[in-house]
1. Would you check which residues across segment 16-53 are out of contact with any strand residue (DSSP E or B) (no Cβ under 6 Å at 6 or more places or on another chain), farther than 19 Å from D210 by Cβ and of a type outside the set (G, A, S) and list them?
2. Give the residues of segment 61-105 that are more than 17 Å from the chain's Cα centre (by Cα), surrounded by 18 or more Cβ atoms within 10 Å (Cβ to Cβ) and small (G, A, S), sorted by residue number.
3. What single numbered condition from (1) surrounded by 22 or more Cβ atoms within 10 Å (Cβ to Cβ); (2) over 18 Å from I179 (Cα atoms); (3) at pLDDT below 90 fails to hold for A134?
4. Counting only residues that are modelled with pLDDT of 90 or more, of a type in the set (S, T, Y) and surrounded by 15 or more Cβ atoms within 10 Å (Cβ to Cβ), how many does segment 212-251 have?
5. Could you tell me which numbered condition S170 fails, if it satisfies all but one of (1) at pLDDT below 95; (2) crowded, with 20+ Cβ neighbours inside 10 Å; (3) among the polar types (S, T, N, Q)?
6. Could you please give the count of residues in segment 173-187 that are buried (at least 18 other Cβ atoms within 10 Å of the Cβ) and polar (S, T, N, Q)?
7. With the structure loaded, tell me whether T26 is part of a strand (DSSP E or B), among the polar types (S, T, N, Q) and buried (at least 17 other Cβ atoms within 10 Å of the Cβ) or whether it fails that test.
8. Where residues in segment 59-77 are part of a strand (DSSP E or B) and without any contact (Cβ under 8 Å) to a residue 60 or more places away in the chain, which of them is nearest to F47 (Cα to Cα)?
Amino acid sequence: MTATLRAEGVSKSFGGLQALSDCSLTAEAGRITGLIGPNGSGKTTLFNAITGYERIDAGEVYLGDRRITGAAPQRVFAYGVGRTFQLTRIFPRLTVLENMLVPAQRGLSGRRHREHAMELLSFTGIANHANALAGTLSYGQRKLLELSYVLVADPAVVLLDEPAGGVNPSLINHIAARIRELNQGGKTFLLVEHNMDFVMSLCDQVTVLDSGTVVASGTPAEVRADPRVLDAYLGGAPGDDPPVAAEPPAVGDQSRGTPDDVLGGSHG
């Protein structure tokens, strides 16, 4: 099962702050689409708007031909849109397998549901932790558990909020490989990520947000070459000196440095 996810002209404000302004984005069926932009550009707000966690002021959201604008999160999930979160949402006092048995899967008996859960844990590489408390997992393993948890319901579209954030390089490669394999099987992905190497090597299309507005959209090569993207990340034209970072980058964050560093270019 797969589908195209579209946000059209979405706007959202919080008091006097315009978080999103006339944002349009398409995650084509069967493709991996990236959503990037500086901190505070509105990426997670757009995710929340799409999945029903924020009510929008204007615009529409569609899954295939179905209008899902304003639907509650559980309804959006039932329609076929699954998502992970920037900060993982698991049940730390339940075992890994018990976490997997929480989401309902129609048409599966208790035994088949358990078997399906174990199949997904094997796919993501954490089946050997099935009986461990989820709170004992590393951060990267928690990301894999959350992905496994979302896949239980076999959503048409999966939204991933910083899947590589705070994860060690070997697990980043493992997560990327699982996403590729799922995509090759037809699964549609929309992901937010600061690790530009991860985005540029994985995504078919990339959309760039800055201050709540879409400033560029295209293939990774097109986005990497777009001066508006460098301006959004570095605060000036490509020839300008980049601003001093206000804080050190997070683990796995490739969003600061030279223009090539920022946009996932070669380092040779």
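1. E28, R31, Y53
2. The answer is A71, and nothing else.
3. If we test A134 against (1) surrounded by 22 or more Cβ atoms within 10 Å (Cβ to Cβ); (2) over 18 Å from I179 (Cα atoms); (3) at pLDDT below 90, just (3) comes out false.
4. Residues flagged as modelled with pLDDT of 90 or more, of a type in the set (S, T, Y) and surrounded by 15 or more Cβ atoms within 10 Å (Cβ to Cβ) within segment 212-251 amount to 2.
5. It is condition (2) that S170 fails.
6. 1
7. Values: part of a strand (DSSP E or B): yes; among the polar types (S, T, N, Q): yes; buried (at least 17 other Cβ atoms within 10 Å of the Cβ): yes.
Against the criterion (part of a strand (DSSP E or B), among the polar types (S, T, N, Q) and buried (at least 17 other Cβ atoms within 10 Å of the Cβ)), T26 qualifies.
8. Residues of segment 59-77 part of a strand (DSSP E or B): 59-63, 66-67.
Imposing the further condition that a residue be without any contact (Cβ under 8 Å) to a residue 60 or more places away in the chain reduces the set to 59-62, 66-67.
On the way: G59: 14, E60: 13, V61: 11, Y62: 13, R66: 18, R67: 16 Å.
Applying the filter and picking the extreme gives V61.
The values are calculated or read from the model by the stated rules, or taken from the named source; none is laboratory data. A quick note: this is a predicted structure, and the numbers were derived from the prediction, not measured. As a convention, Cβ positions derive from the backbone with ideal geometry for all residues, glycine included, and neighbour counts pool all protein chains shown.
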